[in-house]
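Shown next, in structure tokens, is the structure this report addresses.
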Amino acid sequence: MTRPIVFLTDYGLDDEFVGVCHGVITRIAPDARVIDLAHGIPPQDVLRGALVLAAAAPYMPEDAVYLAVVDPGVGGARGAVAVATEAGALLVGPDNGLLSLAWQELGGPIKAVEISAPDRMLERVSATFHGRDVFAPAAAHLANVADLNDLGPDVDLSSLQHVHVPAPGIADGELTAVVTGVDRFGNLELNARPDDLAEAALGDAGSLTLRHAGGTAGIRVARTFEDVPPGDPALIEGSSGYLAVVVNMGSAARRLGLSAGSDLALTR
């Protein structure tokens, strides 16, 4: 019996990269089901990849092998790791923090190994495509229920790299936040949660002022898109549990001129 593979990258779908990785997986583990979680992570955006992977983890099969590749350091000094979690899932990818939010969601890491065994990688390893040559083969072997120790030597758990979601700024009557991601609808995910809004004494405000580098806008605190008229902005709790700035029937990113990394402030 094979384990399913949950596959996330910043490769996009315009090139052959995702399909080639699928081919490598299928040659090694033809019965493994591959769940294409996301391939539109912004290029080299490790934090965004980590957030998306962690947000999906509660809804994935419990025995999944997570194959995640957002790897600006490919071919360099960063490690290549496979990590076992308390929940039973396995994670494969670069040791650059990409996997860290997901393993926290899955109960924490209990064992990690370096992917270095020649018989668990392709014969020729490119310096620029470890997704194909290192990570996809390793994930496929794990999907075939290979032992984690077969991939290589142990890695000290304390040495694994982490990413950290920046904390919002909370003051009485003001919440400052940063946009951590923009989805294809133009919704702006923030690094703040509803509890942060409440701590800033803004949770019961019907409407707020949103300040950013390009100006100010009025924004309503809402539960759904339809709570505001078409074309109006709203602040809602997104599906990931973080606050999001949205526009009903429109793009908040385009309307407000904001993108990932943009700073903003919410006040009464």
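The values are calculated or read from the model by the stated rules, or taken from the named source; none is laboratory data. Since the model is a prediction, treat every value here as computed from it, not as a measurement. Using ideal geometry, Cβ is built from the backbone for each residue, glycine included, and neighbour counts are taken over all protein chains shown. Note: accessible area is taken over every heavy atom of the protein model, side chains too, but ligands, DNA and RNA are not part of it. Shrake-Rupley method; radii C 1.70, N 1.55, O 1.52, S 1.80 Å.
Could you work out the per residue convex hull volume over the alpha carbons of the chain, in cubic angstrom?
Cα convex hull per residue, to the nearest whole number: 135 Å³.
Kindly state, as a whole number, the per residue volume in cubic angstrom of the convex hull around the alpha carbon atoms of segment 1-91.
With only Cα atoms used, segment 1-91 gives 108 Å³ per residue.
What is the gain in length, in nm to one decimal, between residue 77 and residue 185 on full extension, counting 0.36 nm per residue of separation less the C-alpha to C-alpha distance?
Result: 35.2 nm gained on full extension.
With a 10 Å radius around each residue's Cβ, average the other Cβ atoms per peptide and rank 61-70, 130-139, 78-87, 115-124, highest first.
Put in order of decreasing packing, that is 130-139, 61-70, 78-87, 115-124.
So how tilted is helix 17-28 from the main axis of the chain? Cα-based, degrees 0 to 90, rounded to 10.
On a 0 to 90 degree scale, this one is about 40.
In µm²/s, what is D for segment 131-173 at 37 °C and 0.692 mPa s, where D = kT/(6 pi eta Rh) by Stokes-Einstein and Rh is the Kirkwood radius from Cα pairs?
Estimated via Stokes-Einstein, D reaches 234 µm²/s.
Hey, what number do you get for the chain at 222 nm if only DSSP H runs of n ≥ 4 count, each worth -39500 (n - 2.57), divided across all residues, to the nearest 500?
Counting only the DSSP helices, I get -5000 deg cm²/dmol.
If all Cα-Cα distances of segment 43-164 are sorted into 5 Å bins from 0 onward, what percent lands in each bin, rounded to whole numbers?
2, 12, 25, 26, 22, 10, 2, 0
Please list 156-164, 204-212 highest first by mean number of surrounding beta-carbon atoms within 10 Å per residue.
The packing order, highest mean first, is 204-212, 156-164.
Mind ranking 243-251, 11-19 by how tightly packed they are, going by the mean number of other C-beta atoms within 10 angstrom, highest first?
243-251, 11-19
When N is the residue count of segment 166-218, what does its C-alpha Rg come to as a fraction of 2.2 N^0.38 Å?
That works out to 1.16 for segment 166-218.
For residue 199 and residue 111 in the same chain, what is the full-extension length gain: residue separation times 0.36 nm, less their Cα-Cα distance, in nm?
28.0 nm
Residues of segment 36-106: accessible area per residue at 1.4 Å, in Å²?
Roughly 34 Å² per residue, with all protein chains present.
Taking the Cβ of residue 211 as the center, what net charge do the other residues with Cβ under 11 Å away carry, scoring Lys and Arg +1 and Asp and Glu -1?
-2
How high is the FRET efficiency between residue 224 and residue 14 when r is their beta carbon distance and R₀ equals 41 Å, given to the nearest 0.05?
Efficiency computed from Cβ-Cβ geometry: 0.75.
Could you give the C-alpha radius of gyration of segment 186-268 expressed as a fraction of 2.2 N^0.38 Å, taking N as the number of residues it contains?
In units of the 2.2 N^0.38 Å rule of thumb, it is 0.97.
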